[in-house]
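Just so it is clear, none of the values below were taken in a lab; they were calculated from the coordinates. On a predicted model such as this, the values are computed, not experimentally measured, just so you know. Here the Cβ positions follow ideal geometry from the backbone for every residue, glycine too, while neighbour counts run over all protein chains shown.
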Amino acid sequence: MKTAPASPNSLFWFRKGLRLHDNPSLWAAIKDAKHLYAVFVLDPWFLKPERVGVNRLNFLLQSLTDLRSSLKARGSNLLVLRGKPEEVLPKVWKDWKITRLCFEVDTEEYAKERDVKIEAAAKEAGIEVISCVSHTLYNTEDICAKSGGHAPLSYKGFEKAMNALGPPARTAPDLPAKLPPMDPSSKGIADKDTDVPSVSDLGYIEAVRTPFKGGETEALARLAEQLSDKGWVAQFEKPKGDPTAFDPSPATTVLSPYLKFGCISPRLFYESLQQVYMEKKEHSKPPVSLLGQLLWREFYYTAAAHTPNYHQKEDNPICKQIPWDDTPEFFKAWEDCRTGYPWIDAIMRQLHEWGWMHHLARHCVACFLTRGDLYVSWEKGRDVFDRLLIDGDPSINSGNWMWLSASSFFYQYFRVYSPITYGKKYDPEGKYVRHFLPALKDMPAKYIYEPWKAPKKVQEEANCIIGVDYPAPIVDHAVVSKQCIARMKQAYDAEKAGQNPSASPPKRKATGGEKPLTKMLKPT
Ligand SMILES: Cc1cc2nc3c(=O)[nH]c(=O)nc-3n(C[C@H](O)[C@H](O)[C@H](O)COP(=O)(O)OP(=O)(O)OC[C@H]3O[C@@H](n4cnc5c(N)ncnc54)[C@H](O)[C@@H]3O)c2cc1C
């Protein structure tokens, strides 16, 4: 057997885990290393506005810029390479005489397939490969092992498995102030095209609008700031909290995009929370506490990594086979913020502009698209979120969409969010709606959630004619929500009886029994 060289030339491949703190794979890369080459590979497959929206791409590039300057401060650098990792990496490991390759474990389906290929090619080239778990609190396989060999499908089951494992591993120590250098004579390391590009360099023309900035520096500051109000942390309870809060800041931490890209370590978040709880003995508990939220992340990661076909309805053993409708006009109206329900359209506008919305706001639009009103497949909504969210994270996203559409995890399909009264409860004046839908900014509070009910004169005074300046509702919630519940019951019953309801989906036209309100409710 070939033994690893005493002073390896290490290649560290950043993918997620865009941070220097708590980075065990980076520690493995620098151990006794003579040289360290840190790279990120921009795969052109992802770099398309129809796959990744401008806000998330920009967030990623900001994170890379931040990482680059942190590495430079430690005598190293980050080289941004372009192309398919399977092609780019073998080229550089030959050029740079690499003998050790390190990266963080990624449990997403596409990443696992890619990493298996890279690992095999590296080993073939005589390169030692080391990868460590640090994107999740636990190795998802260990959770499954404590849960009878499968992913727990309830939070209780998850907690039981987790408790059997004990607390997660401690965060890795801080890295040394100086990292091993690159060999200055190495081919290509000073090339301009290894700099971090901008979104426009990558062909994006749309403006970046999200107020959130990517990077480890920003993430650490955000974590410190959010946890500095210890009373708030101790009392945190979801689903309490205001989904309409946006100015000056939302009601939850907005750590999700930083966790998605690994700008912040989940174990650092975990340890920081434990410190607060040590001080504040009276505190909320999972699943509703802030720690509970972090554990939901872990729950979905475990389910995704150990469920075949998790990201689709078909052949997914945990997903109910509900025969959703194929009504592209409904789907498009939802995606383009044109349902005529201000609460729904404002949330979708926040998604387009910020790439982030409060959890309960996500609930409302996901319920509306699927089992609540439009009866469109969760996979379609998931894809829109996947493209536009700055925290778009496949394991969490698909899991929550299955939950909200009552396809898995949650089965109370008869509990539907009202697109009229839900937002009003938190924000009777409609500040949130006015901000994200300026067409309605002068609509009196009385009509802000149901502008089609405003008399013509009121609409004129508000400079917002329904059907002209803002659409009339595409469906009548009071009617369609009842139809949807009945259809969900039918689908559940069919599944119980062993039938496959997907085989013959009942037809439902956009202009069916419920009549689109665009025609039904003429503005008076
Ligand atoms: C339909 C739908 C789709 C979603 N898609 C995503 C997604 O793509 N990426 C994503 O990170 N979250 C997703 N969520 C979960 C949740 O809405 C966000 O994680 C949360 O709103 C992010 O805001 P925050 O960081 O302020 O959360 P906080 O309440 O401050 O929670 C802290 C962290 O806990 C985790 N967390 C919180 N809620 C959940 C949850 N329900 N499931 C899993 N982890 C959770 C997140 O990592 C979050 O950053 C989705 C929810 C729904 C209903």
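What to note about this one:
- Rg to Rh, two decimals, where the stretch 216-305 supplies the alpha carbon set and Rh follows Kirkwood: 0.95
- Placing pseudo-labels 7 Å out from each Cα toward the beta carbon at residue 278 and residue 230 gives an inter-label distance of 1.1 nm.
- The chain, helix-only ellipticity at 222 nm - DSSP H runs n ≥ 4, -39,500 (n - 2.57), divided by all residues, nearest 500: -12500 deg cm²/dmol
- The calculated Kirkwood hydrodynamic radius for the chain is 25.0 Å, given to one decimal from all distinct C-alpha pairs.
- Equivalent ellipsoid semi-axes, the stretch 328-519, via Cα gyration tensor eigenvalues times 5, rooted, Å: 29, 20, 14
- Neighbourhood charge, 12 Å Cβ-Cβ cut-off, centred on residue 96 and excluding it, Lys, Arg +1 and Asp, Glu -1: +4
- Amide H contacts of residue 128: 100, 101, each under 5 Å away and 5 or more positions distant or on a separate chain (H built 1.01 Å from N in the peptide plane; Pro and chain starts excluded).
- Computed over the stretch 21-75, Kirkwood Rh from alpha-carbon pairs, angstrom: 13.4 Å
- Partner lysines whose Cα lies under 17 Å from the Cα of residue 94, excluding those fewer than 8 positions away in the same chain, are identified as 34, 84, 117, 123, 187.
- Fewest neighbouring Cβ atoms within 10 Å first, the residues 465, 118, 474 line up as 465, 118, 474.
- Gap separating the Cα centres of the stretch 226-249 and the stretch 38-110, nearest whole Å: 34 Å
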